[in-house]
Each structure stands twice: as structure tokens, then as C-alpha cells.
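S.K.: Below: one structure in C-alpha cells.
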Amino acid sequence: MASFHITVLPGDGIGPEVVAAGVQVLEAVGRRYGHQFALTYDDIGGIAIDKHGTALRPETIKACKQSDAVLLGAVGGPKWDDPQAKVRPEDGLLAIRKGLGLYANLRPVQVFPFLANSTSLKPETVRGVDLIVVRELTGGLYFGRPKRRWTTTRGRRAVDTMAYSEQEIARIVRVGFELARRRRKVLTSVDKANVLETSRLWRQVVMEIAPEYPDVQLWHVLVDNCSMQLVRNPKEFDVIVTENTFGDILTDEASTLAGSMGMLASASLAGLPADGRALGLYEPIHGSAPRRAGQNLANPIATVMSLPMMLRYSLGLEKEAQAVEKAVLHTLDQGYRTYDIMSEGMKKVGTREMGEAIARNV
Ligand code: IPM
Ligand code: MG
């Protein structure tokens, strides 16, 4: 029997509800396979601002560093949205990514066969889509300095800085190549090399690394073109690797392929572990959906689907990872649907019931 320590950060809005469903499924995995998951709960985001005056306390980062993995819900809400605010819930998210060195954000997009009809795109366009976006997570516009807003005699000004070093580019590009090698061996590197210096360096570094992966087919695609191809020809993509901001935008777009943001999970890692034992942060890609909070409405599948990645990349439990994936498929097959993926003839359930059904199927 193995024992693991998980830090749980439910956060704001629907975060606590979807995380509770995820925890139920994790506990079912523990019972079925004889593992012990010791959970420590802590605060991040708006709730942390209210309770502690900061979106993420240093002791929380320390606790995360001592865990095997971190499970996160979502942060943010209208209460903390004032553009004048000194602290924002999102600061907590950026601080945990940076604090734990989680530069590689993996966002898989799979279209479940029975949900091909719940997307706004043509079912034949999305059926069979299976791609993964590898987003650089601790550099670029999010962290570059200077970053500030100020007032001049001629009005207000603001600046953000997009900066990348060749080391930052190389390590994320390698994650892209390695993943492609384990999949269909096609890597699309997305940049804006026709305009941006950071993108020209990005492309140079990609071209320098490419010879190490002769078995992987490489494409360079400009980000504007990529955003079009993603909805036009999504099946063409296998692994997409890109910088922070482009990855943020493209993954919201890619999520529409799966029918609902409520289906997609993400893993943030400090590199691809060779042996499946590296600290990682696991979360749904959706936000805190404040208007749905506290109503037992939200789809917990995105959070539940972050568990297979946790089991695989941080806990080294491949068989258990597959068991969760199968349990989700089976539950959908049994007709369970939350409101966002509901269609005629299916069983409409809430967050809790969906979590319970998946846990039963583990
Ligand atoms: C995401 C989110 C975050 C980001 C926000 C909440 C700071 O949109 O994880 O995609 O921009 O990275
Ligand atoms: Mg985003």
C-alpha cells in the first residue's frame, strides 16, 4: 500500500464543489487499489485574500513543495474584480506556478464520442479530435518586467513585457517533442515570428532542437493561422507547443471542440517526469463561474479528468489513471450529464451526483 500527500486548494466560486467531487473519485481510487491519500486543505485566490490579505501565503507554497501533488479548483470572482485592487485572486495562481517552477502546462483536448453533438461546431469536424496543447507557463507577458501602469502629463500609460530566454524556450519545446514522440509524432510549434522578436528566437531554438527528434514531424504555424486551423481542421493537430499568452488564448478556443470547458483538465509540471514522480499542479481549465457557484450545477468532469494526469505524472500510478479515465467514459455512457452537456434522453444530474456516479464506477 502506497501513501501520498496531496495539497488541496479549492479556491473560489464553483472550485470547492468540483474539487469535492474530484476528492470523492480519488478516495474511490484509494479504496479500490489500496492507496492512502492524505489531504491537506489550504486557501488560494479570493478566499485567501479575504482570510489572510494575500492571494497565496508563502506557507502554502511551502506545503505544496512538500506534497506529492496539488489539486486546485478555480480562483476569482466579481467581488475581487476591481481593476484598482492591489491584490487579485489570479495573483495566487501566477504565484503558485512561479513558486513551484511549473513551466510546462499540459492541456489535452479529447472529444468524447457521445458529446460530439454538444459542440457548436459540426460533429464531423470534432469527432476523433485528440490533441494536447503544451503551454509555457512561467514566462512571457505574464511575468516580464517592466509591467506597470502610470500617469503622465499626456494621460495614462501602461506596459507589459514579453521576454524569453533561450533556456526557457528550449525546456518547454523539449516537453513538446517528448510528448509528440509518445503520441502520433507530430509537433506544431506556434509563434508570431513574422512580427515578434521573442517568436523569432522561439523558432530558432525549435529549429536547433528538431534534429534531436528526427522521428517527429515538425510544423511552424503562426498563431493567428493556428487559431483558424484549430476550428477548421482540429484533427490535423497532435501536440501544439507555444508560449504563455498564445497558449492561454488557444486553449480556451480548443476547449470549444470538446463541447464544454467543463470537460477539460490541465497539468502544470516542472518538466516531464521520467519515472512519473514529480510534483505537479492539477486543475480544471475552466474558471470559478461565480454565477453557478453553490448550486450543485457545475460539471466536475474537468477536475476529475485532472486526476489521471496526477496519478500518471506525480504518483506513478498508471493503472489507476486508466481506471479513472474508464470510469468517466462509463458514467457518460450510462447517460449521466450535467447541465452544460445535457442532451435529450439523458439523465440530468448535479455536481455531487456526477462525482458519486464516477466514484462508483472506479
Ligand atoms: C488559465 C487562466 C489563467 C491564465 C488566469 C485565471 C490567470 O485563464 O489558466 O488559462 O491566464 O493563465
Ligand atoms: Mg485561460
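S.K.: Out of the residues in segment 56-102 that are of a type in the set (Val, Ile, Thr) and either free of Cβ contacts under 8 Å to residues at least 60 places away in the same chain or away from ligand 2 (no atom under 16 Å from the Cβ) (or both), state the one that is surrounded by the most Cβ atoms within 10 Å (Cβ to Cβ).
M.R.: Top of the filtered list is VAL70.
S.K.: Considering only segment 242-286, state which residues are more than 11 Å from ligand 1 (Cβ to nearest atom) and polar (S, T, N, Q).
M.R.: THR242, THR256, SER260
S.K.: Could you tell me which of the residues ARG292, ARG312, ARG360 is basic (Lys, Arg) and under 18 Å from the mean Cα position of the chain (by Cα)?
M.R.: Sole residue among the options that is basic (Lys, Arg) and under 18 Å from the mean Cα position of the chain (by Cα): ARG312.
S.K.: Within segment 43-76, count every residue that is among the small types (Gly, Ala, Ser), assigned to a loop (DSSP other than H, G, I, E, B) and touching a strand residue (DSSP E or B) at 6+ places or on another chain (Cβ under 7 Å).
M.R.: Counting residues in segment 43-76 that are among the small types (Gly, Ala, Ser), assigned to a loop (DSSP other than H, G, I, E, B) and touching a strand residue (DSSP E or B) at 6+ places or on another chain (Cβ under 7 Å) gives 2.
The rows are residues; the columns are (1) part of a helix (DSSP H, G or I); (2) surrounded by fewer than 17 Cβ atoms within 10 Å (Cβ to Cβ).
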{"site": "VAL109", "(1), (2)": "no, no"}
{"site": "LEU115", "(1), (2)": "yes, no"}
{"site": "GLY128", "(1), (2)": "no, yes"}
{"site": "ILE132", "(1), (2)": "no, no"}
{"site": "THR138", "(1), (2)": "no, no"}
{"site": "ARG148", "(1), (2)": "no, yes"}
{"site": "THR151", "(1), (2)": "no, yes"}
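S.K.: Is it true that some residue in segment 221-238 is assigned to a strand (DSSP E or B), assigned by TED's automatic domain parsing to the domain that holds PRO123, at pLDDT 95 or above and in contact with a Leu (Cβ under 7 Å, 6 or more places away or on another chain)?
M.R.: No, every residue in segment 221-238 fails to be assigned to a strand (DSSP E or B), assigned by TED's automatic domain parsing to the domain that holds PRO123, at pLDDT 95 or above and in contact with a Leu (Cβ under 7 Å, 6 or more places away or on another chain).
S.K.: For segment 40-55, how many residues are open to solvent by 30 Å² or more (accessible area, probe 1.4 Å) and in contact with a His (Cβ under 8 Å, 6 or more places away or on another chain)?
M.R.: 1
S.K.: Determine, yes or no, whether LEU131 is modelled with pLDDT of 95 or more, within 16 Å of ligand 2 (Cβ to nearest atom) and of a type in the set (A, V, I, L, M).
M.R.: no
S.K.: Would you mind telling me which numbered condition in (1) part of a strand (DSSP E or B); (2) touching a Leu at 6+ places or on another chain (Cβ under 9 Å) THR40 fails?
M.R.: With respect to (1) part of a strand (DSSP E or B); (2) touching a Leu at 6+ places or on another chain (Cβ under 9 Å), THR40 is out only on (2).
S.K.: So, in segment 287-315, how many residues would count as being within 16 Å of ligand 1 (Cβ to nearest atom), under 17 Å from ILE358 (Cβ atoms) and not hydrophobic (A, V, I, L, M, F, W, C)?
M.R.: Summing the residues that are within 16 Å of ligand 1 (Cβ to nearest atom), under 17 Å from ILE358 (Cβ atoms) and not hydrophobic (A, V, I, L, M, F, W, C) in segment 287-315 gives 2.
S.K.: Follow-up. Restricting attention to segment 117-126, which residues are in a loop (DSSP other than H, G, I, E, B), open to solvent by 40 Å² or more (accessible area, probe 1.4 Å) and not small (Gly, Ala, Ser)?
M.R.: Listed by number, the residues that qualify are LEU121, LYS122.
S.K.: Right, next: Of the conditions (1) touching a Lys or Arg at 6+ places or on another chain (Cβ under 9 Å); (2) part of a helix (DSSP H, G or I); (3) over 15 Å from GLY355 (Cα atoms), GLY276 fails just one. Which one is it?
M.R.: (2)
S.K.: Return yes or no: is GLY271 in the same structural domain as LEU72 (by TED's automatic domain parsing), without any contact (Cβ under 8 Å) to a residue 60 or more places away in the chain and either within 22 Å of the chain's Cα centre (by Cα) or open to solvent by less than 50 Å² (accessible area, probe 1.4 Å) (or both)?
M.R.: no
Residue-wise test of (1) within 16 Å of ligand 2 (Cβ to nearest atom); (2) within 23 Å of GLU124 (Cα to Cα); (3) in the same structural domain as VAL362 (by TED's automatic domain parsing).
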{"position": "ILE240", "(1), (2), (3)": "yes, yes, no"}
{"position": "THR245", "(1), (2), (3)": "yes, no, no"}
{"position": "ASP275", "(1), (2), (3)": "no, no, yes"}
{"position": "LEU307", "(1), (2), (3)": "no, no, yes"}
{"position": "LEU332", "(1), (2), (3)": "no, yes, yes"}
{"position": "GLY335", "(1), (2), (3)": "no, yes, yes"}
{"position": "LYS347", "(1), (2), (3)": "no, no, yes"}
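S.K.: Go through ARG352, ARG312, ARG360 for me and flag whichever is surrounded by fewer than 23 Cβ atoms within 10 Å (Cβ to Cβ) and farther than 26 Å from GLY294 by Cα. Reasoning before the result, please.
M.R.: Details: ARG352 fails: farther than 26 Å from GLY294 by Cα; ARG360 fails: farther than 26 Å from GLY294 by Cα.
So the residue among ARG352, ARG312, ARG360 that is surrounded by fewer than 23 Cβ atoms within 10 Å (Cβ to Cβ) and farther than 26 Å from GLY294 by Cα is ARG312.
S.K.: Just one of the numbered conditions (1) open to solvent by less than 20 Å² (accessible area, probe 1.4 Å); (2) within 16 Å of ligand 1 (Cβ to nearest atom) is not true of VAL29; which one?
M.R.: Looking at each condition in turn, VAL29 falls short on (2).
S.K.: Evaluate segment 202-225: report whether one residue or more is closer than 27 Å to HIS330 by Cβ, in contact with a strand residue (DSSP E or B) (Cβ under 8 Å, 6 or more places away or on another chain) and either without any contact (Cβ under 8 Å) to a residue 12 or more places away in the chain or away from ligand 2 (no atom under 16 Å from the Cβ) (or both). Don't jump to the end; show me each part of the working.
M.R.: Kept after step one, since they are closer than 27 Å to HIS330 by Cβ, are these residues of segment 202-225: none.
No, because not a single residue in segment 202-225 is closer than 27 Å to HIS330 by Cβ, in contact with a strand residue (DSSP E or B) (Cβ under 8 Å, 6 or more places away or on another chain) and either without any contact (Cβ under 8 Å) to a residue 12 or more places away in the chain or away from ligand 2 (no atom under 16 Å from the Cβ) (or both).
The values are calculated or read from the model by the stated rules, or taken from the named source; none is laboratory data. Keep in mind the model is a prediction, meaning the values are calculated, not measured. Glycine also receives a Cβ, built like all others from the backbone with ideal geometry; neighbour counts cover every protein chain displayed. When the accessible area is computed, the model is the full protein with side chains, heavy atoms only, and any ligands, DNA or RNA have been set aside. Shrake-Rupley method; radii C 1.70, N 1.55, O 1.52, S 1.80 Å.
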